1. Which of the residues belonging to the range 26-41 are surrounded by 12 or more Cβ atoms within 10 Å (Cβ to Cβ) and out of contact with any helix residue (DSSP H, G or I) (no Cβ under 8 Å at 6 or more places or on another chain)?
2. Can you spot a residue in the range 169-185 that is under 18 Å from D50 (Cα atoms), at pLDDT 95 or above and not in a helix (DSSP H, G or I)?
3. Scan the range 27-39 for residues that are assigned to a loop (DSSP other than H, G, I, E, B) and within 19 Å of G95 (Cβ to Cβ) and report the count.
4. Taking the stated definitions as given, is A131 among the small types (G, A, S) and farther than 19 Å from S30 by Cβ?
5. For residues that are in contact with a Phe, Trp or Tyr (Cβ under 8 Å, 6 or more places away or on another chain) and surrounded by fewer than 21 Cβ atoms within 10 Å (Cβ to Cβ), scanning just the range 43-76, find the one that is farthest from I105 (Cα to Cα).
6. Among G141, G200, which is the only one that is touching a residue at least 60 places away in the same chain (Cβ under 8 Å) and either hydrophobic (A, V, I, L, M, F, W, C) or in contact with a strand residue (DSSP E or B) (Cβ under 7 Å, 6 or more places away or on another chain) (or both)?
7. How many residues does the range 100-117 contain that are assigned to a loop (DSSP other than H, G, I, E, B), over 10 Å from L51 (Cα atoms) and either of a type in the set (K, R) or near the ligand (Cβ under 8 Å from one of its atoms) (or both)?
8. Show the residue pairs meeting these rules: Cβ distance below 7 Å; 6+ apart or different chains; first residue within the range 78-90 and of a type in the set (V, I, T); second residue in a helix (DSSP H, G or I).
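The values are calculated or read from the model by the stated rules, or taken from the named source; none is laboratory data. Here the structure is a predicted model, which is why all the values come from computation and not from measurement. Because the Cβ atoms are built from the backbone with ideal geometry, glycine has one as well, and the counts that use them run over all protein chains shown.
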Amino acid sequence: MLKSGILKMAFRDFDGVYRSNTSFYGERPSPFLVHYLDKFAVDGHGAGLDLGCGQGRNALYLAGRGFDMQAVDGSAEAIAVLESRAREQRLNISGQVADLAALDIAEDRYRLIIANTSLDHLDEAGGARLAAGMQRGLLRGGLLFVSVFMQDDPGYAAQGRQASETAAYVMHYYRPGELRAQFAGLTLLAYQEEYALDTGHGVPHYHAIARLFARRDD
Ligand SMILES: C[S@@+](CC[C@H](N)C(=O)[O-])C[C@H]1O[C@@H](n2cnc3c(N)ncnc32)[C@H](O)[C@@H]1O
């Protein structure tokens, strides 16, 4: 739950964000995603799923790396940009406009599932439901990359200019250790919690963020 009375917005409002800028989060993938895939020498094959993919910077990268990607977002504007880029780059990505809060993920299907700052855009119960589905959706040996905003984030306390311009879209800021606990059924390969400057969109601002890279071994 939010500490302050900051106005909450529906995920559909991301349509306006993406209409205003067709490269809102830039076109480069998350450097942390790239780092973990390289560090653990993950070769690109098999089915991949990007949840809350936005305009597709990570899904496009993963498709280029050889994954057979599905990408889901609630914003039709975002999926339209992703599909247009995929066509331009001759990459085969299946885009889907859907609400993550109601999404059912096929079980034992994916070699890689990612959710880069999107689980936190659901309320706590919705995020927990999706996280459980993500774990079941992985193949044995399948990999998971997740990042979420945490309660030290300036957006949590509505600290004005220090917060991201999309802070009001975050529904659940994670507590210390919460992301790791949410995926305790997986083998943890890497976990970080940090407070860092984000120069990727809007005016430079800070985020408190947790990142996890894990594997399904059961
Ligand atoms: C902070 S952005 C991250 C975008 C992308 N993962 C990236 O790293 O560039 C969060 C994304 O989650 C999507 N989103 C938020 N709530 C959603 C929901 N309930 N269902 C589907 N998508 C949602 C938004 O439309 C937005 O594209």
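1. F32, H35, Y36, L37, F40
2. Yes - at least one qualifying residue is present in the range 169-185.
3. Result for the range 27-39: 3.
4. In short, no.
5. By that ranking, first place goes to G44.
6. G141
7. 1
8. Listed pairs, sorted by first residue: V81/Y18.
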